[in-house]
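The values are calculated or read from the model by the stated rules, or taken from the named source; none is laboratory data. Just so it is clear, the structure is predicted and the values come from calculations on it, not from any experiment. Neighbour counts run over all protein chains shown; Cβ positions are idealised from the backbone, glycine included.
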Amino acid sequence: MTRLVLLGPPGAGKGTQAVRICEARGLQHLSTGELLRAAVEAGTELGVEARVFMDAGNLVPDQLVSDLVAERLRALGDDSGFLLDGFPRNVGQAASLAEQPRGALDCVLYLRLEREEILQRLLARGRSDDTEAVINNRLDVYARETSPLVEHYEEQGLLKTIDGLGTMDEVASRIKDALRDCGAEASA
């Protein structure tokens, strides 16, 4: 069973590539962004609380996200591989993940993309929470709180950096090569 994390700034194409990886390898796609947006739409207690942070372009507090992910990991069968998309988002969450019974990772994929390209992609997406001010705040928060994960996982020998610029197929090909290089098995 393959256990992956997909890192990268907002707009780097993580969601698109995560779906492709999961379909090709039979992995469960655990997207904290999708889980949080669903909770907001459903008006759950977590969703109401999370919405305040999300609307301002800030990260949802660690404990809320960690609890959500831990619950989802427990719900997976022991032989199910997974790809975490949007978690962990800081070194503290990475430590929390490592303590989970299913938290040992095979590989961490990092989609790298320049800020200007990210800004253009997100503005073109047209979502209501994608104003230039909110995007810039999200990128600043990412740089401050999430990018240290790159160094953390690099020190552990788990990180594979992938150039996120190019077509979906070009990026997918680079990811396939990275997965082969890190020894992640070809299928679940």
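Quick one: which residue in Val19, Val40, Val48 is touching a His at 6+ places or on another chain (Cβ under 7 Å), more than 18 Å from Leu97 (Cβ to Cβ) and among the β-branched types (Val, Ile, Thr)?
Details: Val40 fails: touching a His at 6+ places or on another chain (Cβ under 7 Å); Val48 fails: touching a His at 6+ places or on another chain (Cβ under 7 Å).
It is Val19.
Please list, ordered by first then second residue, the pairs with beta carbon atoms under 6 Å, 6 or more apart or interchain, first in the range 1-25 and at pLDDT 95 or above and buried (at least 22 other Cβ atoms within 10 Å of the Cβ), second of a type in the set (D, E, K, R) and in a helix (DSSP H, G or I).
From the range 1-25, the pairs are Leu6/Lys14.
Of all the residues that make up the range 69-94, how many are of a type outside the set (S, T, N, Q) and under 21 Å from Asn58 (Cα atoms)? If you could, list the steps in order and put the result at the bottom.
Narrowing the range 69-94 to residues of a type outside the set (S, T, N, Q): 69-79, 81-89, 91-92, 94.
Now narrow it down to the ones that are under 21 Å from Asn58 (Cα atoms): 69, 84-89, 91-92, 94.
Residues flagged as of a type outside the set (S, T, N, Q) and under 21 Å from Asn58 (Cα atoms) within the range 69-94 amount to 10.
Looking at the range 148-165, which of its residues are loosely packed, with under 14 Cβ neighbours inside 10 Å and either modelled with pLDDT under 90 or among the small types (Gly, Ala, Ser) (or both)?
Selection gives Gly157 alone.
Could you please let me know if Phe87 is farther than 17 Å from Gly8 by Cβ, surrounded by 19 or more Cβ atoms within 10 Å (Cβ to Cβ) and not acidic (Asp, Glu)?
no
Return the total of residues in the range 26-52 being of a type in the set (Gly, Ala, Ser) and in contact (Cβ under 8 Å) with a residue 40 or more places away in the chain.
Qualifying residue count for the region: 3.
For the range 47-85, how many residues are farther than 23 Å from Leu149 by Cβ and touching a Leu at 6+ places or on another chain (Cβ under 6 Å)?
Total meeting the criteria: 0.
Can you tell me which of Arg127, Arg144, Arg138, Arg121 is surrounded by fewer than 21 Cβ atoms within 10 Å (Cβ to Cβ) and either within 28 Å of Leu179 (Cβ to Cβ) or touching a strand residue (DSSP E or B) at 6+ places or on another chain (Cβ under 6 Å) (or both)?
After ruling out the rest, the residue left standing is Arg121.
Could you say which residue among Asp85, Asp55 is within 15 Å of the chain's Cα centre (by Cα) and touching a residue at least 60 places away in the same chain (Cβ under 8 Å)?
Working: Asp55 fails: within 15 Å of the chain's Cα centre (by Cα).
On inspection, the qualifying residue turns out to be Asp85.
For Ser80, all conditions in the list (1) within 24 Å of Ala143 (Cβ to Cβ); (2) in contact (Cβ under 8 Å) with a residue 40 or more places away in the chain hold save one; what is the number of the exception?
The number of the failed condition is (1).
Return the residue satisfying two criteria in turn: it lies in the range 30-62 and is exposed (fewer than 14 other Cβ atoms within 10 Å of the Cβ) and of a type in the set (D, E, K, R), and of such residues it is modelled with the lowest pLDDT.
Only one residue fits best here, namely Glu45.
Is there any pair with a first residue in the range 145-162 that is under 13 Å from Gln93 (Cα atoms) and a second that is part of a helix (DSSP H, G or I) and not hydroxyl-bearing (Ser, Thr, Tyr) whose Cβ atoms are under 7 Å apart and which are 6 or more apart or on different chains, and what are they?
Pro148/Val91; Leu149/Val91; Leu149/Ala94; His152/Val91; His152/Ala94
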